[in-house]
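*Asks:* Before I ask anything, here is the structure I am working with.
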Amino acid sequence: MSISEERIKANFLELVKLNSPSRKEKVVAQWLRAKFSQLGLSVEEDDSMPETHSNTGNLIVRIPGKQAEPTLLMSAHMDVVAPMENPKVIFEDGIFRTDGNTILGADDKAGIVALLEVATVLIEKKIEHAPLELVFTVCEEVGLVGAKALNLALLQSRMGFVFDSSKPFGNIITQAPSNVRFYCRVEGKAAHAGVCPEAGVNAIQIASRAIAQLPLGRISPETTCNIGKIAGGGATNIVPDFVEVWGGVRSLDQAALEAQNDLIEECFQKSARELGGKVESEFTHSYSGFSLAPESEVVKRGMEAMARIGVDGQIASTGGGSDANVFNAIGIPAINIGIGCQGSHSTKEQIAFADLCNLASLGLAVARGPIFDK
Ligand SMILES: [Zn+2]
């Protein structure tokens, strides 16, 4: 009934060597096809993703199970952030990391390896379990693009378990923020900076006055705001006639999110009025937040699975988005599970071997649900 630590380690080491940045996940998709076909499972490719977005679609692996149980979605994403080429993976004192020149990619290859182990154990040991839909998405790291494109008609799942939170193992994420991205184009008027600055309107000054009035960072326990990129101007002797500003707002509270968006718009418009320029702004809804009650079935099943493997589960919220945001938005209540990866999205990324094994054990307990106790 139990997992194979050796197999988990071998699979993880194979998988982290595959370079799979967003839009180029095919190498991982092929690896998964080979592994699942060895188990006699077929892999379906979701072709709803435009080819221009990625060199593969999302993968779905169905494992039929006990009819009386609800179908469960279990998922992880195949893409990783850069730099990932030719990683030198070091295993020392029970921890996987790299030599510091690349990321490790445990985000989210730890999740993938756990789900593969779940399938392997269930098939090889012929263990009774709920019907499963394992979903491996593309382009998670570039705005949950794969999950958003997922063809819902291919799924029967009633609830979902995403193996992709950077929180410590034991955490179950039941709350995540909505995310809005914004773009402001500030227009001033060009003029010679020495001869006739009076004839110009400085777009950089408009933008900086607006930004100086904006609360940024953690605005409240529920809300964060960031200006992430600014570009504009041309030369030191020209009053700059345009600046572009990009940023984002996230909040667990929809009203607070909208209030912050209004404030951004107001600060930029006021500054433009005062200095004689113009601002056009765009706010783009990136993904919706979710908040699941502790008594909802998916949360209860997550906590019960933790208890069945002897772990004291913790309900937590996060400031980041994941495929769980998308699954919740399309009507599949989903929690995100802490994988225990540290320093993700950096070359200091690391994960404990014990957590890889914990994830697989938890996945098995989720897949078996109440059957576990029989
Ligand atoms: Zn991730």
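*Asks:* Are there any helices (runs of 4 or more DSSP H) wholly within the stretch 290-368 with 3 or more residues that are among the charged types (D, E, K, R), and if so which?
*Replies:* 297-308
*Asks:* Another question, then. So, in the stretch 321-361, how many residues would count as being of a type outside the set (S, T, N, Q), away from the ligand (no atom under 15 Å from the Cβ) and open to solvent by 40 Å² or more (accessible area, probe 1.4 Å)?
*Replies:* Total satisfying the criteria: 6.
*Asks:* For residues that are within 10 Å of Q314 (Cα to Cα) and in contact with an Asp or Glu (Cβ under 8 Å, 6 or more places away or on another chain), scanning just the stretch 169-185, find the one that is surrounded by the most Cβ atoms within 10 Å (Cβ to Cβ).
*Replies:* F169
Residues are listed down the side, and each one gets a yes or a no for (1) within 16 Å of the ligand (Cβ to nearest atom); (2) at pLDDT 95 or above; (3) over 23 Å from the mean Cα position of the chain (by Cα); (4) surrounded by fewer than 21 Cβ atoms within 10 Å (Cβ to Cβ):
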{"position": "E51", "(1), (2), (3), (4)": "no, no, no, yes"}
{"position": "A68", "(1), (2), (3), (4)": "no, no, yes, yes"}
{"position": "L73", "(1), (2), (3), (4)": "no, yes, no, no"}
{"position": "D108", "(1), (2), (3), (4)": "yes, yes, no, no"}
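*Asks:* With (1) part of a loop (DSSP other than H, G, I, E, B); (2) under 18 Å from the mean Cα position of the chain (by Cα); (3) at pLDDT 95 or above as the list, and V28 as the residue in question, which single condition is left unmet?
*Replies:* (1)
*Asks:* Considering only the stretch 84-101, state which residues are surrounded by 14 or more Cβ atoms within 10 Å (Cβ to Cβ), modelled with pLDDT under 95 and away from the ligand (no atom under 16 Å from the Cβ).
*Replies:* Of everything in the stretch 84-101, just one residue is surrounded by 14 or more Cβ atoms within 10 Å (Cβ to Cβ), modelled with pLDDT under 95 and away from the ligand (no atom under 16 Å from the Cβ), namely P87.
Residues are listed down the side, and each one gets a yes or a no for (1) surrounded by fewer than 15 Cβ atoms within 10 Å (Cβ to Cβ); (2) free of Cβ contacts under 8 Å to residues at least 40 places away in the same chain; (3) over 16 Å from V180 (Cα atoms); (4) in contact with a strand residue (DSSP E or B) (Cβ under 7 Å, 6 or more places away or on another chain):
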| position | (1), (2), (3), (4) |
| --- | --- |
| E244 | yes, no, yes, yes |
| L252 | no, no, no, yes |
| K270 | no, no, yes, no |
| R273 | yes, yes, yes, no |
| G276 | yes, no, yes, yes |
| S286 | no, no, no, yes |
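*Asks:* So which residues in the stretch 104-128 are in a loop (DSSP other than H, G, I, E, B) and touching a Cys at 6+ places or on another chain (Cβ under 9 Å)? Quick ask: steps written out before the conclusion?
*Replies:* Restricting attention to the stretch 104-128, the residues satisfying the condition of being in a loop (DSSP other than H, G, I, E, B) are 104-105, 125-128.
Residue satisfying the conditions is L104 alone.
*Asks:* Determine whether V162 is open to solvent by less than 10 Å² (accessible area, probe 1.4 Å), outside the structural domain of A324 (by TED's automatic domain parsing) and either aliphatic (A, V, I, L, M) or farther than 27 Å from R250 by Cβ (or both). Give the steps one after another, and end with the answer.
*Replies:* Values: open to solvent by less than 10 Å² (accessible area, probe 1.4 Å): yes; outside the structural domain of A324 (by TED's automatic domain parsing): no; either aliphatic (A, V, I, L, M) or farther than 27 Å from R250 by Cβ (or both): yes.
So V162 does not fit the description; no.
*Asks:* Can you tell me which of E45, E51 is of a type in the set (D, E, K, R), under 17 Å from L155 (Cα atoms) and in the same structural domain as A130 (by TED's automatic domain parsing)?
*Replies:* E45
*Asks:* Oh, and also: If P240 satisfies every condition in (1) open to solvent by less than 60 Å² (accessible area, probe 1.4 Å); (2) touching a helix residue (DSSP H, G or I) at 6+ places or on another chain (Cβ under 9 Å); (3) within 29 Å of G146 (Cβ to Cβ); (4) not β-branched (V, I, T) but one, which is the exception?
*Replies:* The one condition P240 does not meet is (3).
*Asks:* A further question follows. Pull out all pairs, ordered by first then second residue, where Cβ-Cβ is under 6 Å, the residues are six or more apart or on different chains, the first lies in the stretch 100-113 and is among the charged types (D, E, K, R), and the second is open to solvent by less than 10 Å² (accessible area, probe 1.4 Å) and within 9 Å of the ligand (Cβ to nearest atom).
*Replies:* D107/C341; D108/A76; D108/H77
*Asks:* Here is a further query. Of all residues in the stretch 132-149, how many are farther than 15 Å from G363 by Cβ and either over 22 Å from the mean Cα position of the chain (by Cα) or more than 16 Å from the ligand (Cβ to nearest atom) (or both)?
*Replies:* So in the stretch 132-149, the residues farther than 15 Å from G363 by Cβ come out as 137-149.
With the extra rule that they be either over 22 Å from the mean Cα position of the chain (by Cα) or more than 16 Å from the ligand (Cβ to nearest atom) (or both), the set shrinks to 149.
Going through the stretch 132-149 one residue at a time, the tally reaches 1.
*Asks:* Scan D253, D164 and give me the residue that is within 16 Å of the ligand (Cβ to nearest atom) and of a type in the set (D, E).
*Replies:* So the residue among D253, D164 that is within 16 Å of the ligand (Cβ to nearest atom) and of a type in the set (D, E) is D164.
*Asks:* Please work out which residue is nearest to P333 (Cα to Cα), limiting yourself to the stretch 268-289 and to residues that are within 30 Å of the chain's Cα centre (by Cα) and assigned to a strand (DSSP E or B).
*Replies:* Filtering the stretch 268-289 for residues that are within 30 Å of the chain's Cα centre (by Cα) and assigned to a strand (DSSP E or B), the one nearest to P333 (Cα to Cα) comes out as Y287.
*Asks:* Taking only pairs six or more apart or across chains, which ones have beta-carbon atoms under 6 Å, a first residue in the stretch 152-173 that is at pLDDT 95 or above, and a second residue that is among the hydrophobic types (A, V, I, L, M, F, W, C) and open to solvent by 30 Å² or more (accessible area, probe 1.4 Å)?
*Replies:* Matching pairs, first to second residue: G170/V311; I172/I315.
*Asks:* Okay, next question. Please count how many residues of the stretch 291-320 are farther than 27 Å from N151 by Cα and open to solvent by less than 30 Å² (accessible area, probe 1.4 Å).
*Replies:* Within the stretch 291-320, residues that are farther than 27 Å from N151 by Cα and open to solvent by less than 30 Å² (accessible area, probe 1.4 Å) number 4.
The values are calculated or read from the model by the stated rules, or taken from the named source; none is laboratory data. All values reported here derive from a predicted model rather than from experimental measurement. Ideal geometry is used to build each Cβ from the backbone, glycine not excepted, and the neighbour counts take in all protein chains shown. Please note that ligands, DNA and RNA were not included when accessible areas were found on the heavy atoms of the full protein model with its side chains. Shrake-Rupley method; radii C 1.70, N 1.55, O 1.52, S 1.80 Å.
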